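The values are calculated or read from the model by the stated rules, or taken from the named source; none is laboratory data. This one's a predicted model, so the numbers in the text were calculated from it and none came from an experiment. Using ideal geometry, Cβ is built from the backbone for each residue, glycine included, and neighbour counts are taken over all protein chains shown. The area values use the complete protein model at the heavy-atom level, side chains included, leaving out ligands, DNA and RNA. Shrake-Rupley method; radii C 1.70, N 1.55, O 1.52, S 1.80 Å.
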Amino acid sequence: MKTYFITGISTDVGKTIASAIITEALEADYWKPVQAGELDNCDTKKIEKLISNKKSKFHPNSYALKTPMSPHAAAEIDGSQIDIKKVIAPKTNNHLVIEGAGGLLVPLNNKQTVLDLIKINYKVIVVSRHYLGSINHTLLTVNTLKAKGFDVSIIFSGNEHKSTENIIKKMTQVPVIGRIEEEPYFDKNVIKEYAEMFKEKL
């Protein structure tokens, strides 16, 4: 069984939708170690609503923080501190999809970032979305992961931008799983369609 870690080049690039698609494609379990803000409609609940299969299980956050901020700051406001020794992946006999918080170097405390949650045997999927500066953010993210020896691939999110995507492909030389288009909405059926498309490349 494999573990997939979903990270983004920034915040709001489509990590949660990508996580839902991969969870559905593999009928995997899902886990978001650190949730900051939106506890009533957190990413775990959003994904649960988008999954059709009956096999996936949704594991509780290690840290559920009230403030929608960088985890280190949200924890401080909540009067706590994130101890990554307490961030323990759930035991499962199934594939596991782990969704990070924001980008790779988002601080969890004064010393550690989201990158410190990723184990060397995880397959890392980087969600890249086009905006001014996204090439730099994508190359920084992918090259950091490659330098540490991770198995990395990319999902593009949003409208196609050929020149951006071509240079990212040329300069990273990592596999591209596919693209999540700018859909009018995402529901169970849309997620299922993407899951079928992406399944072979996972």
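Residue under question is N143, and the condition is that it be without any contact (Cβ under 8 Å) to a residue 60 or more places away in the chain, under 20 Å from V174 (Cα atoms) and among the polar types (S, T, N, Q); does it hold?
Against the criterion (without any contact (Cβ under 8 Å) to a residue 60 or more places away in the chain, under 20 Å from V174 (Cα atoms) and among the polar types (S, T, N, Q)), N143 qualifies.
Out of the residues in region 1-36 that are of a type in the set (V, I, T) and not in a helix (DSSP H, G or I), which is most open to solvent (accessible area, probe 1.4 Å)?
Filtering region 1-36 for residues that are of a type in the set (V, I, T) and not in a helix (DSSP H, G or I), the one most open to solvent (accessible area, probe 1.4 Å) comes out as T11.
Name the pairs: first residue in region 32-48 and closer than 15 Å to I22 by Cβ, second residue part of a helix (DSSP H, G or I) and open to solvent by 60 Å² or more (accessible area, probe 1.4 Å), Cβ to Cβ under 9 Å, at least 6 apart or on different chains?
Once the first residue is closer than 15 Å to I22 by Cβ and sits in region 32-48, no partner that is part of a helix (DSSP H, G or I) and open to solvent by 60 Å² or more (accessible area, probe 1.4 Å) comes close enough.
Considering only residues that are in a helix (DSSP H, G or I) and within 15 Å of the chain's Cα centre (by Cα), which ones fall in region 139-183?
Of everything in region 139-183, those that are in a helix (DSSP H, G or I) and within 15 Å of the chain's Cα centre (by Cα) turn out to be T141, V142, L145.
Which condition from (1) over 29 Å from K119 (Cβ atoms); (2) in contact with a Ser or Thr (Cβ under 7 Å, 6 or more places away or on another chain); (3) open to solvent by 50 Å² or more (accessible area, probe 1.4 Å) is the one that P175 breaks?
Looking at each condition in turn, P175 falls short on (1).
Exactly one condition in (1) touching a Phe, Trp or Tyr at 6+ places or on another chain (Cβ under 6 Å); (2) among the aliphatic types (A, V, I, L, M); (3) open to solvent by 50 Å² or more (accessible area, probe 1.4 Å) is false for V97; which is it?
The number of the failed condition is (3).
Condition first: loosely packed, with under 13 Cβ neighbours inside 10 Å, at pLDDT 95 or above and of a type in the set (S, T, Y). Can you find one or more residues in region 121-135 that meet it?
no
Determine whether Y4 is within 16 Å of V114 (Cβ to Cβ), over 15 Å from the mean Cα position of the chain (by Cα) and not basic (K, R).
no
Can you give me the number of residues within region 88-111 that are of a type in the set (A, V, I, L, M, F, W, C), over 18 Å from D12 (Cβ atoms) and in a loop (DSSP other than H, G, I, E, B)?
Of the residues in that region, 3 qualify.
Would you confirm whether or not region 77-91 contains a residue that is in contact with an Asp or Glu (Cβ under 8 Å, 6 or more places away or on another chain), free of Cβ contacts under 8 Å to residues at least 40 places away in the same chain and of a type in the set (V, I, T)?
Taking every residue of region 77-91 in turn, at least one turns out to be in contact with an Asp or Glu (Cβ under 8 Å, 6 or more places away or on another chain), free of Cβ contacts under 8 Å to residues at least 40 places away in the same chain and of a type in the set (V, I, T).
Hey, does region 15-27 have a residue that's touching a residue at least 12 places away in the same chain (Cβ under 8 Å), under 20 Å from P107 (Cβ atoms) and hydrophobic (A, V, I, L, M, F, W, C)?
Within region 15-27 (the criterion being touching a residue at least 12 places away in the same chain (Cβ under 8 Å), under 20 Å from P107 (Cβ atoms) and hydrophobic (A, V, I, L, M, F, W, C)), the answer is no, since none of the residues qualifies.
I'd like the full set of residues that are open to solvent by 20 Å² or more (accessible area, probe 1.4 Å), within 30 Å of E196 (Cα to Cα), part of a loop (DSSP other than H, G, I, E, B) and not charged (D, E, K, R), limited to region 37-87.
Across region 37-87, the qualifying residues are S52, N53, P60, N61.
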